[in-house]
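Comments concern the structure below.
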Amino acid sequence: MMTVRPRRLALVVAPASGESFASWVDRMALRNGCPAWAIIEALGVDVRASSDVRSLAYGVVTMPETCRAIEAATGVSSEVVRGMHLEVFDGSVLDLAGVRVGDKESVRRAEGREWVQFFGSRVCPTCLAASGGVWLVWWKLGWAAVCPEHRTLLVDLCPRCRVSVRRGPAGRPARLSRSRMPAPLRCGALLSGAVCDQPIPQIGTSSVSSKFADQQQLVLEVVTHRRSALIAGQVVSAGQWFAALKATAMLVRLGVPEVLPLLDAPLDGQGALAAEVGGQRWNRAGPVGRFGMAPRTALVAAGLLAVALEVAAAESESALVARLMPLAAAARMRWKERRPDLLTQVATCAPSNVIRLVSGSVSRRSRLRR
Ligand SMILES: [Zn+2]
Ligand SMILES: [Zn+2]
């Protein structure tokens with residue numbers, strides 16, 4: 001990938017804190033008056049053969065030599081460059097093992113499995129307007145639901161073209177454009193040759209309670225290792241914590257609609273959850289894909305997060321079991337008769353497994369202490 005010798009760029013834009021790599025490249029392209037493709041080439045990435053974002057694992061993972069080349073071209077340190085890629089979350093909220101630059105299939109596989117949009121994003125229109133077009137990397141996470149600063153739900157879809165924001169032509173990941181100038185404040189989806197010019201700062205958002213803002217803040221602190229992850233009063237790794245959150249979310253989805261009255265989620269969040277589960281067809285990934293996939297919308301993410309955090313916050317293992325049991329019972333009630341195979345699914349995320357996850361790490365730690 002590294003055959004072009006990088007040259008020092010004359011106009012470098014400083015990356016903003018938490019900014020995504022694609023956002024930084026777009027802003028740099030704007031400053032230099034050229035398309036993103038030209039910037040990427042100038043940074044030393046060989047895009048002559050393919051500028052396909054999947055092959056490049058664009059913004060997902062990077063290679064040390066690419067980071068060094070970018071540092072040479074921009075003066076921005078390799079560490080900061082790496083920090084703009086989703087791999088900064090690897091091992092906590094994401095598992096990007098096996099994802100390689102140049103291996104499109106490895107990117108596609110992780111894309112289907114992980115709770116993240118590699119080539120799309122959610123967005124807080126108010127933050128985007130205030131920063132003049134800085135897209136934050138955490139907005140790509142499946143658990144991204146709420147802007148903790150503005151206490152609003154993040155936006156998923158462009159209201160004009162109905163495409164996920166930042167997703168590229170007709171909602172599919174794109175090649176880096178050789179001709180178009182990036183427009184960080186506009187939708188930019190390419191539909192039958194026309195570019196959607198919806199200004200993102202003008203998209204309306206819904207307010208949420210401070211509880212949801214606090215929950216999102218907690219998730220972000222665990223993601224970035226600024227806060228320790230607790231399940232049933234025990235410290236676990238961020239990776240285990242998110243695995244338990246996902247298991248709880250799966251249990252909740254399995255129990256829709258019976259589970260809905262039990263949830264401590266906002267009413268519209270419950271509705272969104274019911275619509276998500278009810279409206280889906282069985283996809284190629286089968287039941288695991290259906291119940292274990294990333295929340296489709298910020299509203300669903302907020303609903304699942306509220307329940308999963310409530311479960312994780314139990315003060316003891318017995319309290320944890322007490323919180324999981326009704327969810328497991330609703331899931332069993334829902335699937336016992338019609339789909340016995342799904343009971344295996346319920347068993348995978350049964351309380352005992354969540355407990356094992358927790359106690360496993362506890363006993364490992366006590367062994368270490370000895
Ligand atoms: Zn905001
Ligand atoms: Zn649009």
For this session: Give the residues of segment 120-136 whose amide nitrogen is closer than 18 Å to a point set 7 Å from the Cα of residue 275 in the direction of its Cβ.
Result: 122-123
Exercise. So which aspartates and glutamates can residue 211 reach, going by Cα to Cα under 20 Å and dropping same-chain residues fewer than 8 places off?
Worked result: 149, 221, 264, 268, 310, 315
Exercise. What are the ³J(HN,Hα) values, in whole Hz, obtained from phi via the Karplus relation 6.51 cos²θ - 1.76 cosθ + 1.60 with θ = phi - 60°, for each residue of segment 225-234 in sequence order, with x given for Gly and Pro?
Worked result: 6, 8, 9, 7, 8, 10, 10, 6, x, 9
Exercise. When the chain is fully extended, how far beyond the present Cα-Cα distance does residue 217 get from residue 32, taking 0.36 nm per residue of separation?
Worked result: 63.1 nm
Exercise. How large is ³J(HN,Hα) for each residue in segment 54-61, as worked out from phi by the Karplus curve 6.51 cos²θ - 1.76 cosθ + 1.60 (θ = phi - 60°), to whole Hz, x for Gly and Pro?
Worked result: 5, 4, 7, 6, 4, x, 9, 10
For this session: Calculate one ³J(HN,Hα) per residue across segment 135-148 by plugging θ = phi - 60° into the Karplus curve 6.51 cos²θ - 1.76 cosθ + 1.60, and present them in order as whole Hz with x for glycine and proline.
Result: 9, 7, 5, 5, 4, 7, 6, x, 7, 6, 10, 9, 7, x
Problem set entry | Estimated inter-spin distance, residue 130 and residue 162, nm [label 7 Å along Cα→Cβ] | 3.3 nm
Problem set entry | Residues with amide H under 5 Å from that of residue 146, placed H, sequence gap 5 or more | 154
Seminar exercise, completed: Given a Förster distance of 51 Å, the FRET efficiency implied by the Cβ-Cβ spacing of residue 315 and residue 97, rounded to the nearest 0.05, works out to 0.95
Exercise. Taking one equal scatterer on every alpha-carbon of segment 208-261, how large is log10 of I(q)/I(0) by Debye at q = 0.13, 0.28 1/Å?
Worked result: -0.41, -1.05
Seminar exercise, completed: Placing each pseudo-label 7 Å from Cα in the direction of the beta carbon, residue 227 and residue 79 end up separated by a distance in nanometres of 2.5 nm
Problem set entry | Cα-based shape type of segment 21-202, given that a ≥ b ≥ c are square roots of the gyration tensor eigenvalues and the cut on a/c is 1.5 | rounded
Seminar exercise, completed: Amide H contacts under 5 Å for residue 236, restricted to residues at least 5 apart in sequence or on another chain and with H modeled in the peptide plane, are 229, 230, 231
Exercise. Considering amide H positions built from the backbone, and no H for Pro or chain starts, which residues 5 or more places from residue 175, or on another chain, come under 5 Å of its amide H?
Worked result: 53
For this session: Using only C-alpha positions, report the orientation-averaged shadow area of the convex hull of segment 42-147, nm², one decimal.
Result: 7.3 nm²
Exercise. Using a Förster distance of 25 Å, how high is the FRET efficiency between residue 202 and residue 108, based on the Cβ-Cβ distance and rounded to 0.05?
Worked result: 0.15
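The numbers here are math on the coordinates, done by the rules we state, and not lab data. A quick note: this is a predicted structure, and the numbers were derived from the prediction, not measured. So basically every Cβ, Gly included, is an ideal-geometry build from the backbone, and we count neighbours across all protein chains shown.
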